[in-house]
1. Looking only at the range 232-250, count every residue that is assigned to a helix (DSSP H, G or I), free of Cβ contacts under 8 Å to residues at least 12 places away in the same chain and not hydrophobic (A, V, I, L, M, F, W, C) and tell me the total.
2. Out of the range 347-378, which residues are part of a helix (DSSP H, G or I), within 24 Å of Ala333 (Cβ to Cβ) and of a type in the set (D, E, K, R)?
3. State whether the residues of the range 240-247 include one that is closer than 26 Å to Tyr319 by Cβ, over 27 Å from the mean Cα position of the chain (by Cα) and of a type outside the set (Ser, Thr, Tyr).
4. Return the pair list, or none, for Cβ contacts closer than 8 Å from residues in the range 397-409 that are within 22 Å of Thr338 (Cα to Cα) to residues that are of a type in the set (Gly, Ala, Ser), at least 6 apart or on different chains.
5. For the range 310-325: of the residues being outside any helix (DSSP H, G or I) and out of contact with any Asp or Glu (no Cβ under 9 Å at 6 or more places or on another chain), which is surrounded by the fewest Cβ atoms within 10 Å (Cβ to Cβ)?
6. Kindly indicate the residue of the range 379-392 that is in a loop (DSSP other than H, G, I, E, B) and exposed (fewer than 12 other Cβ atoms within 10 Å of the Cβ) and also nearest to the chain's Cα centre (by Cα) among those meeting that condition.
7. Within the range 447-498, how many residues are under 15 Å from Leu437 (Cβ atoms) and aromatic (Phe, Trp, Tyr)?
Amino acid sequence: MAATKARPATDEPVKRTATKAPAKKTAASRESGHAAKSANGAAPAKRATKAAKAPAAKAAKAPAKAAKAKADGLAPRTRAKKATSPEGTVDEDLTEEVEGDDDLEAEPGEDLEDADLDLEDLEVDDEAGDEDAADDDSAEEEGAEPAAAAAKGDAPAEDDEIAEPSEKDKASGDFVWDEEESEALRQARKDAELTASADSVRAYLKQIGKVALLNAEEEVELAKRIEAGLYATQLMAELTEKGEKLPAAQRRDMMWICRDGDRAKNHLLEANLRLVVSLAKRYTGRGMAFLDLIQEGNLGLIRAVEKFDYTKGYKFSTYATWWIRQAITRAMADQARTIRIPVHMVEVINKLGRIQRELLQDLGREPTPEELAKEMDITPEKVLEIQQYAREPISLDQTIGDEGDSQLGDFIEDSEAVVAVDAVSFTLLQDQLQSVLETLSEREAGVVRLRFGLTDGQPRTLDEIGQVYGVTRERIRQIESKTMSKLRHPSRSQVLRDYLD
């Protein structure tokens, strides 16, 4: 088989050498050799596969050396020697092929170097090797064709997922905007904003649900570790303030106790986060987002963990509930309203609302201020005042309608707004009055303007006008009387009478 792999590209020198060989093998030995090769028909395919992986340079050197050896009439000792590079290094891939296929070259009990190989047999082996190589190449081509067909068959499936532009779009090269797609994107964005909060709550609930609940014994054990950690932290802080230092071993133990207390604290917190969620649900719809209520409740839970006394004998949830509720209600009093109301007044408002709901259920109607005052032991006027405080301010920029394109301020009348007709009439009156005053002298027109505030809207007294003109108060009064008599003349007053209505 080594001769099969090492066949040179030129055939004629091999044939001439084969005709001069003095010794030939018998027909029986040839038949046995062909039978051994046919029995191992799978070997050429394996060798062809391995040879394909070898570098091209090494594959070219091996046939050249084999051809030279055959031309000189030298029988190769081992196929491993033929695979040796000129630098003296042995190709490991070809050596492995020789070791795996030695049984194909010699019969059992016969060494390869003792085998008497004739050049005619080498020629026959070359022809058989060519046929095997051709069969291997055809098999590889046949195997490659279905793979290529499968690759071509998969390509259209991927192309179908991408919407290609039309021929008209390709020709014009312009970008085409799809209105339906744009509307769908806007609607999807709006839905995403509405469901963002719900998705966040769902993710948070899923995360805290991974921590198992604790029983009473586990709560006591964690509380003891927390207490030890807090005591160690306080003791180290006191020693630091005094300037004292603990020995290294004792300090290391104290630090370990502090860290263990922190781990126990986190464990107790994470196991009771679901308690905060259940309490925060009672305060939804009162001006704060659900996630904000949960966050404030978590602050109360942290306070409860630090203050919990396991020696009392009750469960941690019973104690922590009040701290959580206190934290949530305090946050609502400070943050829920646009105009902050003091905490004590918020409690009074909540009490009034609770009594109002109870009376509504008992009486079947809305209770009167007198009935509420009797229940709360206050005056009806005080009840009305508390109800005024309880009103929620509404923003004028709040959108109205399904489309959200209108605001509340657009529907509220401005009583102080100037009507267009009145504005035009006032402008014409100013023009007519100015034309009438131009018929008077400069001092008379000035006295009238200052006396009635026609310039800046501020009427002046007779003394103030006298100081401006440097005359007495009586003189200003005489000038005013004379000027008013002139203005009452029909030639001047007729154009102004139409504005009296």
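The values are calculated or read from the model by the stated rules, or taken from the named source; none is laboratory data. If you're wondering where the values come from, they're calculated on a predicted model, not measured in any experiment. Neighbour counts are summed over all protein chains in view; Cβ atoms, including those assigned to glycine, are modelled from backbone coordinates with ideal geometry.
1. At the first step, the residues of the range 232-250 found to be assigned to a helix (DSSP H, G or I) are 232-242, 248-250.
Those still in the list that are free of Cβ contacts under 8 Å to residues at least 12 places away in the same chain too: 234, 237-242, 248-250.
Right, trim to not hydrophobic (A, V, I, L, M, F, W, C) and you get 234, 238, 240-242, 250.
Count: 6.
2. Hits for the range 347-378 are Glu347, Lys351, Arg354, Arg357, Glu358, Glu375.
3. Start the filter on the range 240-247 by keeping residues that are closer than 26 Å to Tyr319 by Cβ, which leaves none.
No: zero hits.
4. Asp397/Gly409; Thr399/Ser406; Ile400/Ser406; Leu408/Ser395
5. Applying the first criterion (outside any helix (DSSP H, G or I)) to the range 310-325 yields 313-315.
When the remaining residues are screened for being out of contact with any Asp or Glu (no Cβ under 9 Å at 6 or more places or on another chain), the result is 313-314.
Numbers: Gly313: 8, Tyr314: 11.
The residue in question is Gly313.
6. At the first step, the residues of the range 379-392 found to be in a loop (DSSP other than H, G, I, E, B) are 379, 390-392.
So of that shortlist, the ones also exposed (fewer than 12 other Cβ atoms within 10 Å of the Cβ) come out as 391-392.
Working: Arg391: 38, Glu392: 35 Å.
Taking the candidates together, the pick is Glu392.
7. 1
Yes or no, residue by residue, for (1) at pLDDT 90 or above; (2) surrounded by 11 or more Cβ atoms within 10 Å (Cβ to Cβ); (3) more than 26 Å from Asp498 (Cα to Cα):
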position	(1), (2), (3)
Gln432	no, yes, no
Leu437	no, yes, no
Thr455	no, no, no
Val471	yes, yes, yes
